[in-house]
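To keep things clear, I will list the structure first and then write my remarks on it.
The values are calculated or read from the model by the stated rules, or taken from the named source; none is laboratory data. Because the structure is predicted, anything quoted here is derived from the model rather than measured. Here the Cβ is made from the backbone with ideal geometry for all residues, glycine too, and neighbour counts use every protein chain on show. For accessibility, only protein heavy atoms count, side chains too; no ligands or nucleic acids. Shrake-Rupley method; radii C 1.70, N 1.55, O 1.52, S 1.80 Å.
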Amino acid sequence: MTNGPAIALKDVHLSLGEGAGRVHILKGIDLTIEDGTAVGLVGPSGSGKSTLLMVMAGLERSDSGQVQVAGSELSPLSEDELARFRGQTVGIIFQSFHLVPNMTALENVAVPLELSGDAAAFDKARQELESVGLGHRLHHYPAQMSGGEQQRVAVARALVVHPKILIADEPTGNLDDDTGTQIVELMFKAQRERQMTLVLVTHDPALAQRCDRMIRVRSGEIEEEDKTASPARETAGAPL
């Protein structure tokens, strides 16, 4: 764990688009997320919650304000430095999986380790896939797997670098209820066991309430916050 907060944003503004089409997405966001906690971001479509998540992940640069993640200020970093930082510090899970279609499950999970020069990339990738219940699918391609299996590969890829922070953008959005529940259990189990910080965007208030904190975003601003401290986080839920 870090000595300070996992994520600290101060007066963060971000606009996207050009000219007359430019839209002010984030409007003076102030937010601190403590190390090792789970936080759910909720809000209507277009509220800016996914953009806020991408700023935390270093995938979008703010126009102004301070963005500090795992003790590092992101704004001075070059694109290469930012990519290295993400590869070592932040695991990201997307709604649409984002797997490389011409790579097997094993190859997809090994990618971030290979990029960092880890000689044991494939051994670690194999262990991570086994931990999410896909030891029998190592050499299958994404098109040969169900949506739930593909998302398990994506979870394994996010976890294989042992990140300090796990970020998930609507991780169950493309899955049926039962499969989505299994993915949620995997994430919360990993967060507890590895003492990571978890930040997730969801349209599901019940999922957000499983987090330590639930933050509502509307029109690019933090509208309100609930400290959920839900005991449901500690339950095992559906079998993995």
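Worth pointing out:
- Verdict on Leu138 being of a type in the set (A, V, I, L, M, F, W, C), assigned to a helix (DSSP H, G or I) and more than 16 Å from Gln95 (Cα to Cα): no
- Among residues of the range 100-117 being out of contact with any helix residue (DSSP H, G or I) (no Cβ under 7 Å at 6 or more places or on another chain), open to solvent by 40 Å² or more (accessible area, probe 1.4 Å) and not hydrophobic (A, V, I, L, M, F, W, C), the one that is modelled with the lowest pLDDT is Gly117.
- If only residues of the range 62-71 that are open to solvent by less than 40 Å² (accessible area, probe 1.4 Å) and either without any contact (Cβ under 8 Å) to a residue 40 or more places away in the chain or over 17 Å from the mean Cα position of the chain (by Cα) (or both) are counted, the one that is nearest to Val23 (Cα to Cα) is Ser62.
- Scanning the range 1-38 for residues that are open to solvent by 60 Å² or more (accessible area, probe 1.4 Å), farther than 27 Å from Gln209 by Cα and of a type in the set (A, V, I, L, M) yields Leu16, Ala20, Val23.
- Screening the candidates Val199, Val155 for the property of being open to solvent by less than 10 Å² (accessible area, probe 1.4 Å), part of a strand (DSSP E or B), β-branched (Val, Ile, Thr) and closer than 26 Å to Arg84 by Cα yields one hit, Val199.
- Note on the range 43-59: among residues that are over 16 Å from Thr89 (Cβ atoms) and in a loop (DSSP other than H, G, I, E, B), the one that is most open to solvent (accessible area, probe 1.4 Å) is Ser45.
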